[in-house]
Amino acid sequence: MGSSVTGKSSIEAAARQAEGAVPAIPRDDDGPVFREPWEAQAFAIVVALNARGLFTWSEWAAALGAEIKRAQAAGDPDLGTTYYSHWLAALERLVAQKGVASADVLGRYRDAWDHAADRTPHGSPIELREEDFNG
């Protein structure tokens, strides 16, 4: 039990560091705000990977900033609604750069996720199945 509390405390500390290191994170008085569950999950993955030493907050801020600039150059109106889309794209790019997963593997999982979402009734949890990787 003690290790899970310690683990939770270190994740919470990393989340607070993320909020300070990447000041554009949408937030209210209680901390980061997310419009969709996947945004919170993407945030948590970045926090966990930083806590495990995959990248520093400076590396993350640079990757996210570069992704936002790419999106703006491609015509993103930057109204705040696409912030976590950039977050996710930066995460995928950084994970590929660090050699954790190739861009091909990430694309395969993204396609499988899209397939799983298409077959899942609204309001039900999305679960990946082997068939999602074949369609």
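By the scheme Lys and Arg +1, Asp and Glu -1, what is the net charge of all other residues having a beta-carbon under 13 Å from that of ALA101? The partial results should precede the final answer.
Working: positive: ARG93, LYS98, ARG108, ARG110; negative: GLU92, ASP104.
Net of charged neighbours comes to +2.
With Cβ to Cβ distances under 15 Å as the rule, what net charge do the other residues near GLU92 carry (K, R +1; D, E -1)?
With Lys, Arg at +1 and Asp, Glu at -1, the neighbours total -1.
Under a point spin-label approximation (7 Å from Cα along Cα-to-Cβ), what is the GLU59-VAL33 distance to one decimal in nm?
Spacing of the two 7 Å Cα→Cβ label points: 3.2 nm.
Full-extension gain between ASP76 and TRP113, please, as 0.36 nm times their residue separation minus the C-alpha to C-alpha distance.
10.9 nm
Each reported figure results from applying straightforward, stated rules to the coordinates on display, with no laboratory input. Since the structure is predicted, the reported quantities are computational estimates derived from the model, not experimental observations. Don't worry about glycine lacking a Cβ; one is built from the backbone with ideal geometry, like all the others, and counts go over all protein chains shown.
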